[in-house]
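Scroll down for the structure; my scribbles are underneath it.
The values are calculated or read from the model by the stated rules, or taken from the named source; none is laboratory data. Keep in mind the model is a prediction, meaning the values are calculated, not measured. So basically every Cβ, Gly included, is an ideal-geometry build from the backbone, and we count neighbours across all protein chains shown. Surface areas here come from the heavy atoms of the whole protein model, side chains and all, with no ligands, DNA or RNA. Shrake-Rupley method; radii C 1.70, N 1.55, O 1.52, S 1.80 Å.
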Amino acid sequence: MRGAHSRRTWSDSSSGWWYVDVYRTSVETVSGTRRTALKLGTLNMGQCVTKCKNPSSTLGSKNGERESNKSHKRSSGHKEEHTSAGGKASGDILVNGTKKAQDAVVEPSYPQAHPAGDAKKKELGMGAEVSSLQRIEELFRRYKDEREDAILEEGMERFCNDLYVDPTEFRVLVLAWKFQAATMCKFTRKEFFEGCKAINADSIEGICSRFPSLLNEAYQEDKFKDLYRFTFQFGLDSEEGQRSLHREIAIALWKLVFTQNKPLILDEWLDFLIENPSGIKGISRDTWNMFLNFTQVIGPNLSNYSEDEAWPSLFDTFVEWEMERRKKDEETKCIRSSGTDYMSADEQT
């Protein structure tokens with residue numbers, strides 16, 4: 001079959017249709033077909049629905065734009081079939097040398113992003129963040145030391161007064177935990193800023209309003225474990241390079257960290273440390289961490305404690321000391337009870 005490729009456009013003013021001769025064959029074709037033409041609907045805004053690869057085509061001419069508005073309603077939803085000489089639908093058509101499917105496909109349009117709007121939202125968000133940082137800066141400067149870029153003991157006292165909390169109460173420990181403070185009675189600039197951002201507060205009122213949720217968080221088992229371990233590090237004097245807590249400080253911190261959920265064995269343990277039967281001077285990190293496990297595993301009567309398990313040696317000493325003390329208390333009660341019974345018998349006679 002011999003054929004010649006050509007590309008023409010013409011319009012019919014009476015019908016409002018645009019026509020494009022995208023492929024025509026000579027009269028010498030086997031089927032005898034004169035030529036094949038693709039009838040297109042009215043072009044919308046000068047764009048070809050067959051996705052012509054040549055954007056400079058006359059399909060996008062101004063005349064086509066003017067005619068498009070008139071015939072848009074008539075052509076909407078119209079589907080044109082292209083048939084061959086045998087009466088069957090032609091499998092392919094060529095547009096600018098591109099192989100196309102039977103029917104032209106109109107791709108769905110999607111909403112385009114608006115960079116200007118996104119940039120404006122981002123700018124507003126950054127503005128709010130800058131404003132919050134400025135308020136944190138003002139709050140920090142209210143309490144910071146005059147010579148050191150940190151809130152020290154005096155500033156911490158004023159800070160707690162404004163928060164209506166005692167520096168030695170549990171809420172302050174929880175706040176120090178959220179601020180990840182490295183030393184007691186001190187907030188560095190970084191700790192204060194990161195802490196305020198962590199609890200999403202930039203004012204005294206904002207911090208006060210966060211206390212209920214912070215306390216609820218501290219009650220959670222996994223969170224309390226983290227708080228408990230933080231408390232040991234918090235009590236160390238990092239400047240002196242301490243690796244264990246002084247006995248008195250450890251006792252105070254155990255009382256503080258167990259303010260809300262006091263173990264049944266805590267009082268006996270603290271009495272043991274206060275009486276200091278084995279010359280205890282400090283509490284190691286391992287002893288501190290394992291005591292939480294001890295309170296969760298060992299019952300208040302200590303009956304299930306075994307020295308064969310991997311407990312710190314101080315716990316062995318404590319259990320032995322406590323069992324002996326309980327034995328003496330029981331004997332004392334028996335003596336007193338016997339004395340009371342003896343006196344009652346004398347009175348009866």
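Can ARG171 be described as under 18 Å from VAL257 (Cα atoms) and open to solvent by 50 Å² or more (accessible area, probe 1.4 Å)? Criteria met by ARG171.
For the residues THR259, THR188, the requirement of being more than 18 Å from ARG135 (Cα to Cα) and not aliphatic (A, V, I, L, M) singles out THR259. The residues of the range 166-190 that are touching a residue at least 12 places away in the same chain (Cβ under 8 Å), assigned to a loop (DSSP other than H, G, I, E, B) and out of contact with any Cys (no Cβ under 6 Å at 6 or more places or on another chain), listed by number, are THR168, GLU169, GLN180, ALA181, ALA182, THR183, MET184, CYS185, LYS186. Which residues, counting only those in the range 297-326, are among the polar types (S, T, N, Q), free of Cβ contacts under 8 Å to residues at least 24 places away in the same chain and open to solvent by 40 Å² or more (accessible area, probe 1.4 Å)? The answer is ASN301, SER303, ASN304, SER313.
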